[in-house]
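> Quick one: this structure, given as structure tokens, is what I'll be asking you about.
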Amino acid sequence: DCCLLIFEEKKMFAVTSSLGSNSITRVIDVDNKSNVTEITDSKDLNVYFLAHWINKNAASDKQKHVIIQCAKNKILFSEFPQNSTYHKIETDEKYPYIQAGIVFKNKGKDMFACSATYGLVLVVDLETKTKVKEILMDDVHLYSFVRWNDHYLLLNDCLQRRVIVFDMLNDYKIKSKVLCPEMYFERFIKKVMHPKYGESLLSVGIDWTIKLFVNRNIIKSSE
């Protein structure tokens, strides 16, 4: 199952989805749990990852919240709280399992990057709803992203036990591939500020083991 939280006008909503037949992405009012709505076109999607984007440039006085569903072979975008799907992006049948994604800014634009486990990286311009980059890799097992700074986007490859560094200012070209022998099926990575080591990566593995990768082991090769 996957879940995310949305905060809207002092209220909190939980968005949940699960795998399998009859699965539906639901939006639940945390303060009033009887208030549950379903996102249209979400039935039997097999959603692996949920993301949230605030469209501050929407053509209205009110910012629009967007729910992004990463499902098997497709990515769906729906507006909250109407929860109607307004755009869909299909992905290659060879790369069905989109298990991670990130909303980030690059050169002042709102972008979304997602990874399909067996070798697809897709970068989408959220405002124009267009693909801006598609990267294919072999012999990998890709999971999650970290926006390290204005220059670099990181992605962990569990099969090769490494972090792939993308240069966002240079058309998302791969800057380096930093080996991390201890990175064995780390599903999620996150940038943290450690009181002793400074900028570091925190990871959570499939066995729920938490590890810390410090700056000199990760980012030195990408500067």
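> Which trypsin sites (Lys or Arg not before Pro) does the range 50-143 hold that lie in a coil by DSSP with at most 15 other beta carbons within 10 Å?
Details: sites: Lys56, Lys62, Lys64, Lys72, Lys74, Lys88, Lys94, Lys105, Lys107, Lys109, Lys129, Lys131, Lys133; in loops: Lys56, Lys62, Lys72, Lys94, Lys107, Lys129.
Counting only loop positions with at most 15 other Cβ atoms within 10 Å, the trypsin sites (Lys or Arg not before Pro) in the range 50-143 are Lys56, Lys62, Lys94, Lys107, Lys129.
> Another one. Calculate the FRET efficiency for Ile210 and Asn32 from the Cβ-Cβ distance with a Förster distance of 35 Å, rounded to the nearest 0.05.
Taking R0 as 35 Å, the efficiency between Ile210 and Asn32 is 0.50.
> Name the lysines eligible as straight-distance cross-link partners of Lys43: C-alpha to C-alpha under 17 Å, and not fewer than 8 places from it in the same chain.
Output for Lys43: Lys72, Lys74, Lys88.
> So for the pair Leu179, Lys129, with labels modelled 7 Å out along Cα→Cβ, what separation do we get in nm?
4.6 nm
> How many nm is it between the label spots at Lys11 and Gln82, if each spot is 7 Å from the Cα in line with the beta carbon?
Computed distance between label sites Lys11 and Gln82 equals 1.7 nm.
> Just report the Cα centroid separation between the range 11-53 and the range 87-135, whole Å.
Each part's Cα centre sits 21 Å from the other's.
> At a probe size of 1.4 Å, how large is the accessible area of Arg26, to the nearest 10 Å²?
We get 90 Å² for Arg26.
> Also: Percent antiparallel among DSSP beta bridges with both residues in the range 88-178, to the nearest 5? Show your work: numbers first, answer last.
Details: 35 of 35 bridges.
Of all bridge pairs located within the range 88-178, approximately 100 percent are antiparallel.
> Just to verify a number: what accessible area does Ser115 come out at with the full protein assembly present, 1.4 Å probe, Å² rounded to tens?
Its heavy atoms expose roughly 0 Å² to the probe.
> Identify all aspartates and glutamates with a Cα-Cα distance to Lys11 below 13 Å; exclude those on the same chain that are fewer than 8 residues away in sequence.
Partners within reach: Asp29, Asp31.
> Now for a different question. Can you check what the net charge comes to around His65, using other residues whose Cβ is under 9 Å from the Cβ of His65 (Lys, Arg +1; Asp, Glu -1)?
Residues near His65 contribute -1 overall.
> I've got another one for you. GNM, the chain, Cα, under 10 Å: largest mean-square fluctuation among Ile210, Ile102, Ile68?
So, out of Ile210, Ile102, Ile68, the one fluctuating most is Ile210.
> Right, something else. Among Tyr86, Trp148, Ser23, whose Cα projects farthest towards the positive end of the dipole of the range 1-154, with charges put on the beta-carbon of Lys, Arg (+1) and Asp, Glu (-1)?
About the Cα centre, the residue reaching furthest to the positive side is Trp148.
> Further question: Could you work out what % of the accessible surface of the range 41-181 is carbon and sulfur, using a 1.4 angstrom probe and leaving DNA, RNA and ligands out of the count?
Summing carbon and sulfur atoms, their accessible area is 45 percent of the total for the range 41-181.
> Can you list which of the GluC sites (Glu not before Pro) found in the range 1-100 are DSSP loop residues with at most 15 other C-beta atoms within 10 Å?
Sparse-neighbourhood loop GluC sites (Glu not before Pro): Glu9, Glu93.
The values are calculated or read from the model by the stated rules, or taken from the named source; none is laboratory data. For clarity, every value in this text was computed on a predicted model and none was experimentally measured. Glycine also receives a Cβ, built like all others from the backbone with ideal geometry; neighbour counts cover every protein chain displayed. Heavy atoms of the whole protein, side chains included, go into the accessibility calculation; ligands, DNA and RNA do not. Shrake-Rupley method; radii C 1.70, N 1.55, O 1.52, S 1.80 Å.
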